[in-house]
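Below: one structure, written as structure tokens.
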Amino acid sequence: MMDLFGGGDMTGIHPSASATEINNSLNNRENSASENLFFVENGSETQEKSILTSLKSISHQYYLVENEEEILKLREKFLSENLISLDTETTSTEPMSAELVGLSFSTTEHEAYYVPVPAERSDALKILELFRPVYENPQILKIGQNIKYDLTVLANYGIELKGTLFDTMIAHYVLHPELRHNMDYLAEIYLNYQTIHIDELIGAKGKNQRSMRDLAPSEVYEYAAEDADITLQLYHKLLPELEKEGLYTLFHDIEMPLVPVLARMEMNGVCLDTDSLRQTSEEFTQKMQEIEQEIYELAGEPFNISSPKQVGDILFGKLKIVDKPKKTKTGQYVTNEEVLQNLKGRHAIVEKILDYRGYKKLLGTYVDALPLLVNPRTGHIHTSYNQAVTTTGRLSSSNPNLQNIPIRDENGKEVRKAFIPDAGCEFFSADYSQIELRIMAHLSQDPNMIEAFVEGHDIHRATAAKVYKIPLDEVTSTQRRNAKTANFGIIYGISAFGLAERMQVSRTEAKELIDEYFLTYPHVKEYMDRSVAQARERGYTETVFGRRCYLPDINSHNATVRGYAERNAINAPIQGSAADIIKVAMIRIDQRMRAENLHSKMILQVHDELNFSVVPEEHDRLQQLVIEEMQAAYQMAVPLIADCGWGTNWLEAH
DNA sequence: CCCAGCACGC
DNA sequence: GACGTACGTGCTGGGT
């Protein structure tokens, strides 16, 4: 039909890549096969499957669409469809600083369109305005590969992507969380197709890599159109597979609705008190330099304290502060926190090295690094939440990682203090209380563990009372600490040795405690055995919402490898169910905040915790809403409790 | 450019 | 005798 578009086609131009796709490979485990052949596991053997097809060998109609008349015709065509695959070409892998270079679309397999977007923003907005009816039509299903990226870029041009979303990256993640999910890989395994590689267009990553903007549309359109086409083709493969595997509900009801929620959190970002961090930086740098000199003095020579190898050589080679130093598998001395803590009394240098490392870590990872990441346009820090990385269903956060901001260490608290609400707002933090143990109680249906939660007892104290057979109010702090360690160990599938190590008690004592633990919570033991047995039969575990975690090593003949898989079989359903539950809560909180027209913002998720920048007038309503939705997200045999706090910064509120 | 060692969070 | 509690991200050094 679309001959009038100039049949822009097969000029043998070399391909390019989209920022979206770079983003995907960053977000996922590293990249695969660019060979001509690929291999599939078949039992223990690998065998050749086939030669990959590519753009050159497959018939296709890809169009470069540049004038308004053609765009309007294209728009009418799209508006008559009930689904569309879309992609954006941009100048950056960071959606919050990316500028649009082009838009691609596909509604029919092997047919796709690329529309260049001018560099001048006002001109770009005119092009986008033409497509607004398509993007914002809620009746048209929007298909994309890592669609949160496109959603965010478009939002920064005033376009709201509406309608049901289908993200092929996340679809594959739900099907096979343990595999990679970048488009090149998916094209190979599902379509037997070799996509155009980005390096062929903009060059290998490094100093001379070009921007998508540096290329003429005629050089870009085939690459860009192919992305939209392949994404559409993947949709047609992945949708039936989700249905067949019984994973469509998890995908459709949880993962897809979460996408725009995460996008909004990322776009709002978090405000950072850079002035206080500048001060902290000066203090810490000063202290670190003093310690550095003292270390050289004690060592009798200068060396690089940031090098574990050199630290080991000084401590164990030169100063010989211990007889038989532990070594790593590479033959280097172990100098980690645990080892050094136990050697504190041997030599004054040890504590100083620990202090030096503390300052160095804080400065390098947080105090000096975070201010550089404040977006000059928004004045906020914008993390990326990754929805297709972990094997359990948790989110991860990167660029920067805001899920590992210090909280315990006294100096580290200065970093957390620097996370502040938006101007005029308050910081609100709500977190699930013992969600993983509650899930353990629910999944195991252990009457004693359920009782402890139903009665509202401190679970570690209650565990200690039962294990040590004493009244609740006679539990000592050591007993409670041991019970806490045991509770944690149970979730992770710990061994007697591991537990002994953690609690600093003999192996026999640890064994006794574990035995007593399982007598206290008999169903917990049964549940753990059942989890492992089920993983062995089916090859995977399941969360409360049916999320799978495949454990092929569960039948390994290697005891170590098998043990690892067995611990995973115990942990994955628990950690994964907690991840499912907070996702549900986030979706409902976001939905209600919008429905009730609140202006506060959800800004951070840290696995069992949600943080908000709250306008003062909404203080009470927001707290009520958040706690209510968190606690109601999933009904269990025990109450689901969320605690919360307020403050002028993250540290205070938590 | 990649890996090892280390350290921060839950 | 080795192994030794889950899941992540990021920094630095040191070898290639």
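Okay, here's what the table says:
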| read-out | value |
| --- | --- |
| Separation of alpha-carbon centers, the range A:523-598 and the range A:217-280, rounded to whole Å | 22 Å |
| Taking chain A and dividing mean pair separation by its residue count, relative contact order in percent (alpha carbons under 8 Å, at least six apart) | 14 percent |
| DSSP beta bridges in the range A:53-141 [antiparallel fraction, %, rounded to 5] | 70 percent |
| Unit charges at the beta carbon, dipole of the range A:437-576: most positive-side option, A:Leu499, A:Val532, A:Val561 | A:Val561 |
| Alpha carbon centroid spacing (whole Å) that separates the range A:128-167 from the range A:381-449 | 29 Å |
| For the range A:63-124: relative contact order, % (alpha-carbon pairs under 8 angstrom, 6 or more apart) | 31 percent |
| 222 nm mean residue ellipticity, helices alone, for chain A (DSSP H n ≥ 4; -39,500 (n - 2.57); rounded to 500) | -14500 deg cm²/dmol |
| Contact order relative to length of the range A:517-599, as percent, for alpha carbon pairs under 8 angstrom and 6 or more apart | 23 percent |
| Dipole magnitude of chain A, debye to nearest 20 (Cβ charges: Lys/Arg +1, Asp/Glu -1, about Cα centre) | 2180 debye |
| Qualifying trypsin sites (Lys or Arg not before Pro) in the range A:346-415, DSSP loop, other Cβ atoms within 10 Å at most 16 | A:Arg377, A:Arg408 |
| Peptides ranked, highest mean first, by Cβ atoms within 10 Å: ranges A:118-124, A:567-573 | A:567-573, A:118-124 |
| Ranked by how many other beta carbons lie within 10 Å on average, peptides A:187-200, A:328-341 from highest | A:187-200, A:328-341 |
| Euclidean distance of C-alpha centroids, the range A:609-633 and the range A:339-376, integer Å | 35 Å |
| Approximate spin-label separation A:Asn336-A:Ile641, in nm, with each point projected 7 Å along Cα-to-Cβ | 3.3 nm |
| Set A:Lys326/A:Lys525; A:Lys344/A:Lys511; A:Lys56/A:Lys148; A:Lys326/A:Lys352 screened for pairs whose C-alpha atoms are more than 26 Å apart | A:Lys326/A:Lys525; A:Lys344/A:Lys511; A:Lys56/A:Lys148 |
| Hydrodynamic radius (Kirkwood) for chain A, which is based on Cα pairs only, to one decimal in Å | 27.8 Å |
| Beta bridges by DSSP in chain A, antiparallel share as percent, to the nearest 5 | 80 percent |
| Kyte-Doolittle mean at least -1.0 and Cα axial length at least 30 Å: DSSP H helices in chain A | A:217-244, A:559-595 |
| Near-label residues of the range A:360-398 by backbone N, under 17 Å of a point 7 Å along Cα→Cβ of A:Asp275 | A:371, A:379-380 |
| Extension reserve of the A:Lys329-A:Asn137 stretch, reckoned as 0.36 nm per residue once the Cα distance is removed | 63.3 nm |
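Read the figures in this text as sums done on the coordinates, not as results from a lab. Remember, it's a predicted structure, so these values are computed and weren't measured experimentally. Quick reminder, even Gly has a Cβ in these numbers, built from the backbone with ideal geometry, and neighbours come from all protein chains shown.
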